[in-house]
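Q: I have a structure here, written as structure tokens, and I will follow up with some questions on it.
The values are calculated or read from the model by the stated rules, or taken from the named source; none is laboratory data. Predicted, not measured: the structure shown is a model, and the values here were computed from it. Every residue, glycine among them, receives a Cβ derived from its backbone with ideal geometry; neighbour counts consider all protein chains shown. Quick note on the areas: whole protein, heavy atoms, side chains included, nothing else; ligands and nucleic acids left out. Shrake-Rupley method; radii C 1.70, N 1.55, O 1.52, S 1.80 Å.
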Amino acid sequence: MTTTATTSPVPSAPTPPGTPPPVVRLRGVTKEYAGGVRALDGVDLTVAEGELLGIVGPSGSGKSTLLHIVGTLDRPSAGTVEIAGYDIASLSDRRLSALRARRIGFVFQAFHLVPGVGALENVAEGLLYSGLPRARRRKLAAEALARVGLADRLKHRPHELSGGQKQRVAIARAVVGEPALLLADEPTGALDSASGEAVMTLLHELNAEGATIAVITHDTEIAGRLPRQVRIRDGRVVEDTSPGSGGAGTSGATGATGAPGTAGAAGGDGARDTTDASDGARDTTDASDGARGTTDASGDPGPSGDGKVAA
């Protein structure tokens, strides 16, 4: 299957009664910055519950801006963004922060662990705005660390962990609250090839357990191992493959040949530069700030018919 970007919102098919809404639905999304820089240009994208996909493109393609939009860290200049059934245009900043804290988990290349405290406390921090008591947060954090294979590293501080172990802690922090969507931004970028392979294997395992995961990367080999690849160039979706397409397609926008089928094991590229030039060199990373939200997530009990987050 191939999806071509358009410059105006395209009505999406209605969700059949009794089925959950897509985790992500973007229609005609455009993002412009000062000086007329258009980082996204009419992007349409739908991500269903349980999908594992790669959003791939070179530096300057707009993929970091797309991460910001899908992660609700920024709002579009035009178009519609729905996350877990919510139209974000209908939400105040406070309620949008609550939605983000409850429904979206973030994993970044640079880990962003709190120095000086153990893995257990770092993961428990992911539930800081959940309203749960500290003992419950610590119990869930211990379970999340066991889930990523670090049950024996609960008290280890970041400087006592390898790069691959740090990323596993970051993944545990991202999934501890069972978010609707996990966004992994260059998750293997700072790792050697063996550690990167282990992290990608873990993401596949989490997806097999039901997690919806989008991996943002410039590495075509990593993207080629994922069931679906969404290729971004010049702010547009130029190709969108699905499992049923056989891993190949042709973009009507560019005439580009589709992605190959599943590739071999991904190698490490060392520390990669993941900054998109078209994104105005914006910092996309601090998980303890905007990516985690700044309000109590109890303001986000679940999707409602009016697209609002109830108080």
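Q: Which order do GLU82, GLU186 take by accessible area at a 1.4 Å probe, largest first?
A: GLU82, GLU186
Q: So, one more: Can you pull the accessible area of ARG228 for me, 1.4 Å probe, Å² to the nearest 10?
A: 10 Å²
Q: Please work out, to two decimal places, the log10 of the ratio I(q)/I(0) at q = 0.12, 0.23, 0.24 Å⁻¹ from a Debye calculation in which every Cα of the stretch 122-195 carries one identical scatterer.
A: -0.32, -1.07, -1.14
Q: Hey, can you rank 52-65, 113-126, 29-42 by average C-beta count inside 10 Å, highest first?
A: In decreasing order of mean packing, 52-65, 113-126, 29-42 become 52-65, 113-126, 29-42.
Q: Quick one: ranking ASP87, ASP74, ASP192, ASP234 by accessible area, 1.4 Å probe, largest first, what do you get?
A: Values: ASP87 55, ASP74 35, ASP192 90, ASP234 115 Å².
Accessible-area ranking of ASP87, ASP74, ASP192, ASP234, largest first: ASP234, ASP192, ASP87, ASP74.
Q: Which value, in Å², gives the accessible area per residue of the stretch 20-174 when a 1.4 Å probe is used on the protein heavy atoms?
A: On the way: 5820 Å² over 155 residues.
Result: 38 Å² of accessible area for each residue.
Q: For the stretch 14-161, which whole percent of the accessible surface, found with a 1.4 angstrom probe, sits on carbon and sulfur atoms?
A: Looking at the stretch 14-161 in its full context, I get 53 percent from C and S.
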